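Here, each number is a calculation from the coordinates, and none is a lab measurement. Because the structure is a prediction, the values reported are computed rather than measured. Note that each Cβ is placed from the backbone with ideal geometry, even for glycine, and that neighbours are counted across all protein chains shown.
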Amino acid sequence: MKVLIALPTYNEAQSLGAIVSSVLARVPEASILVVDDSSPDGTGEIADKLAEEDSRVFALHRPAKAGLGSAYRDAFRWALQRDFDSVVEMDADFSHDPEALPELIAACDGSNLVIGSRYVNGGKVQNWSKARLLLSRGGNLYAAVALGLPIRDATAGFRVYSRSILERIDLDSVRTNGYAFQIEMAYKAFLLGADIVEVPITFTDRRVGESKMSGKIVAEALAWVTAEAIKRRLRRR
């Protein structure tokens, strides 16, 4: 498969070079697209330098910080225009272990969506507080029950989409930007009858930099799931 690994970045100068090197060491046949939102710490300039040094690396610069979902939508469009067979979503801060990439990519052969899951047997989370873990587990349970999703970790950001499912999802209709984006994309894939597989991973809280998690992101996810659950019930009447 022709694989693109999308790395959205904002102030990831400390980790970008290392994560790109680590990813290419595990999946040397893949390409990487760094989607940078004009990071003030120079992340974009580092991405350009990496692209100059290695033909497998590309940089997509955006004028301002516009959110995770927006960055991935641009990456998906970029990949579809260049005939990639699958697209990997992955954080640039090492919370997603590059060692897991070969297994996730291999699982996409025959599947539409592969999710690196923290909450299936064998999956785990490291270095999170009990409160944050409870919030994450509770949010995923709520999304699964409210939307009828057969997914244990719908908020997971380490995943692989096949070209076929990305071509069928109306990316212009995706409105969420934070962690709700991951739920919305999984839900749209589910409604389209996608073959969805969860592969256990170990998620480790970011090594460097600051977390992008905020109350606003959590509120967006809760509001979106609730609104979609209401629509789902109304359609059933």
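Can you give the local net charge around L80? Use residues other than it whose beta-carbon is closer than 12 angstrom to its beta-carbon, Lys and Arg +1, Asp and Glu -1.
Combined, the nearby Lys, Arg, Asp and Glu give +2.
Rounded to the nearest 10 degrees, what's the angle between the helix 179-191 long axis and the longest principal axis of the chain, both from Cα atoms, 0 to 90?
Rounded to the nearest ten degrees, it is 60.
Would you mind counting up the charge near V35? Only other residues with Cβ under 9 Å from its Cβ, with Lys and Arg at +1 and Asp and Glu at -1.
-2
Determine, for the chain, the count of lysine pairs separated by eight or more sequence positions (or lying on different chains) whose alpha-carbon distance falls under 27 Å.
Lysine pairs, 8 or more places apart or on different chains, close enough: 16.
So in the chain, what percent of DSSP beta bridges are antiparallel if you round to the nearest 5? Please report the intermediate quantities before stating the final value.
Working: 8 of 31 bridges.
The antiparallel fraction comes to roughly 25 percent.
Quick check for you: which residues of the stretch 46-62 have the amide N under 20 Å from the point 7 Å beyond the Cα of L80 toward its beta carbon?
It comes to 60-62, nothing else.
Would you please calculate the Kirkwood hydrodynamic radius of the stretch 21-63 over all C-alpha pairs and express it in Å, rounded to one decimal?
That comes to 10.7 Å for the stretch 21-63.
Where the centroid of each part is defined by its Cα atoms, how far is the stretch 100-147 from the stretch 20-70 in Å?
25 Å
I want to check the label-to-label distance for N121 and D48. Put each point 7 Å from Cα in the C-beta direction and report it in nm to one decimal.
Distance between the two pseudo-spin positions: 5.1 nm.
Send over the semi-axes of the stretch 1-78's equivalent ellipsoid, whole angstrom and largest first, taken as the square roots of 5 times the C-alpha gyration tensor eigenvalues.
Numbers: eigenvalues 70, 45, 19 Å².
Ellipsoid semi-axes (Å, largest first): 19, 15, 10.
Using a Gaussian network model of the chain whose springs link C-alpha atoms within less than 10 Å, name the residue from A131, A154, A47 with the highest mean-square fluctuation.
Of A131, A154, A47, the most mobile in the Gaussian network model is A131.
Semi-axes, largest first, in whole Å: what does sqrt of 5 times each Cα gyration tensor eigenvalue give for the stretch 157-197?
The answer is 15, 12, 9 Å, longest axis first.
If each Cα of the stretch 54-93 is one equal point scatterer, what is log10 of I(q)/I(0) from the Debye formula at q = 0.22 Å⁻¹?
-0.87
Could you tell me the ratio Rg/Rh of the stretch 80-163? Both radii from Cα atoms, Rh via Kirkwood.
Numbers: Rg = 13.9 Å, Rh = 14.0 Å.
Reported Rg/Rh (Cα atoms, Kirkwood Rh): 0.99.
What's the ranking of 116-127, 93-104 by average number of surrounding C-beta atoms within 10 Å, highest first? Kindly include the intermediate steps, with their values, before the conclusion.
Values: 116-127: 16.8, 93-104: 18.6.
Highest mean packing first, the order is 93-104, 116-127.
Using only the alpha-carbon atoms, how far is helix 130-147 inclined from the longest principal axis of the chain? Give it as 0 to 90 degrees, nearest 10.
With both axes taken from Cα atoms, the answer is about 60 degrees.
Note down the nm distance, to one decimal, between modelled labels 7 Å out along Cα→Cβ at L171 and at K231.
So the two model labels end up 2.0 nm from each other.
In the stretch 131-237, how does Rg compare with the Kirkwood Rh, expressed as the Rg/Rh ratio over alpha carbon atoms? Each step should come with its number before you reach the end.
On the way: Rg = 14.2 Å, Rh = 14.8 Å.
Ratio value, two decimals: 0.96.
Given just the C-alpha atoms of the chain, how large is their convex hull per residue in cubic angstrom?
Each residue corresponds to 118 Å³ of Cα convex hull volume.
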